[in-house]
Amino acid sequence: MALIAQPSGVHADTPRLSYNSSLNKADLVLIRKGERRLELWHGQELLRHYRVALGRNPDGPKQRQGDGRTPEGQYIIDWRNPDSDFHLSLHISYPAVSDIARAREAGHSPGELIMIHGLPNGFSARYVEHPQRDWTEGCIAVTNAEIEEIWRMVDDGTTIVILP
């Protein structure tokens with residue numbers, strides 16, 4: 001599949017933000033790592049956006065387990081965990097076949113369990129300095145209230161594109 005840079009017909013500076021989106025489900029989750037931004041799209045309509053924290057070493061795509069990087073590329077949300085160590089989590093289908101091949105060629109494991117999640121259970125945003133500091137092991141973190149909203153708006157099978 002081709003990497004989706006922007007929903008077609010939508011200009012980065014003029015998205016339509018829906019304030020009546022409670023009935024809409026996202027059909028695309030777009031992560032802009034450089035902007036620390038997660039966007040929920042339905043067709044041409046920007047439903048919501050959130051400030052995120054990334055892996056502790058966010059520059060560049062994830063290369064191997066333990067590198068602290070957040071992957072880049074196109075994946076899907078393939079399952080969810082209501083009993084996560086973080087306040088709810090949505091699993092990203094990383095690693096793809098190409099991620100596995102790249103890591104194996106370098107003699108490493110690609111890593112796994114890359115999620116969109118809330119804060120660590122029992123800890124505040126202030127404790128982890130969210131969102132001012134990238135604090136995850138490669139995941140995409142939002143506040144607990146935000147992950148609850150994302151949880152309701154994003155179904156399993158939804159495409160997620162993670163841009164540099």
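For Ser89, the residues whose amide H sits under 5 Å from its own are Asn81, Ser84, ignoring neighbours fewer than 5 places away on the same chain, with H placed 1.01 Å from N. Springs join every pair of Cα atoms under 10 Å in this Gaussian network model of the chain, and among Glu137, Glu112, Glu35 the largest mean-square fluctuation is at Glu35. Ordered from highest to lowest accessible area with the whole protein assembly present and a 1.4 Å probe, Trp41, Trp79, Trp135, Trp151 read as Trp79, Trp151, Trp135, Trp41. Rolling a 1.4 Å probe over the heavy atoms of the protein chains gives the chain an accessible area of 52 Å² per residue.
As a check on your grasp of the helix formula, calculate [θ] at 222 nm for the chain: sum -39500 (n - 2.57) over DSSP H runs of n ≥ 4, divide by the residue count, round to the nearest 500.
Numbers: 3 runs with 23 residues, N = 164.
It lands at -3500 deg cm²/dmol.
Let me know the charge dipole size of the stretch 44-105 about its Cα centre in debye, to the nearest 20, where only the beta-carbon of Lys, Arg (+1) and Asp, Glu (-1) is charged. Display every interim value, and only then the final one.
Working: 9 positive and 9 negative charges, 27 e Å.
For the stretch 44-105, the charge dipole is close to 120 debye.
With a simple spin-label model that places each label point 7 Å from the Cα along the Cα-to-Cβ direction, the separation between His108 and Asp78 comes to 2.0 nm. Inverting the pair-averaged 1/r between distinct Cα atoms of the stretch 97-162 gives 14.0 Å as its Kirkwood hydrodynamic radius.
Each Cα pair under 8 Å and six or more residues apart adds its separation to the average, and for the chain the resulting relative contact order is 30 percent.
Of Arg104, Arg126, Arg152, the residue with the greatest mean-square motion in the GNM of the chain, using alpha carbon springs below 10 Å, is Arg126. Only Cα pairs under 8 Å and 6+ residues apart enter the sum, and on that basis the relative contact order of the stretch 16-105 stands at 16 percent.
Give me the percent of accessible area attributable to carbon and sulfur for the stretch 67-126, probe 1.4 angstrom.
On the way: 1610 of 3050 Å².
Carbon-and-sulfur percentage of accessible area, whole number: 53.
The values are calculated or read from the model by the stated rules, or taken from the named source; none is laboratory data. Computed from a predicted model, the values in this text were never measured in an experiment. Neighbour counts run over all protein chains shown; Cβ positions are idealised from the backbone, glycine included. Note: accessible area is taken over every heavy atom of the protein model, side chains too, but ligands, DNA and RNA are not part of it. Shrake-Rupley method; radii C 1.70, N 1.55, O 1.52, S 1.80 Å.
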